[in-house]
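Asks: My questions all concern the structure below.
Laboratory data are not the source of any read-out in this text; all were calculated from the coordinates shown. In this text, all values refer to a predicted model and were calculated from it rather than measured experimentally. In this analysis, Cβ positions are derived from the backbone assuming ideal geometry, glycine residues included, and neighbour counts consider all displayed protein chains.
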């Protein structure tokens, strides 16, 4: 009978320190490339939210005008039950995404036949109902 020669291999399982450092460096490089691209997404989302709120408020203001024959003097008029309200589902006037009140004027300086409603982002971007 022939004997087989099995060699015993002495190896330890696991990663070396160099391999771990290399993986951490690669992850850091990938994160450094990817994070700046995601940074502007939150600004765009807040601008879209502000535009959506302005559209919703504009609809409520127009509904107020249809029922009452004139635009409310302030946005709080949309909540006045004696004027047929509230015209908003949540029964409160939302703040803009940067926690400031929307600017409202009737008649507006830009929409002289209607009303102006707007807000401005911290970066100076104007979101409004006239552009």
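Asks: Under a point spin-label approximation (7 Å from Cα along Cα-to-Cβ), what is the residue 123-residue 15 distance to one decimal in nm?
Replies: Reported label-point gap for residue 123 and residue 15 is 3.5 nm.
Asks: Another question, if that's okay. Given labels modelled 7 Å from the Cα in the Cβ direction, how far is it in nm from residue 31 to residue 49?
Replies: In this crude label model, residue 31 to residue 49 measures out at 2.5 nm.
Asks: What is the helix-to-structure angle for 17-68, meaning the angle in degrees between its Cα long axis and the longest Cα principal axis of the chain, kept from 0 to 90 and rounded to the nearest 10?
Replies: So the helix axis and the longest Cα principal axis differ by about 20 degrees.
Asks: Among (i) 0.99; (ii) 1.38; (iii) 2.15, which one is Cα Rg over 2.2 N^0.38 Å computed from these coordinates?
Replies: (iii)
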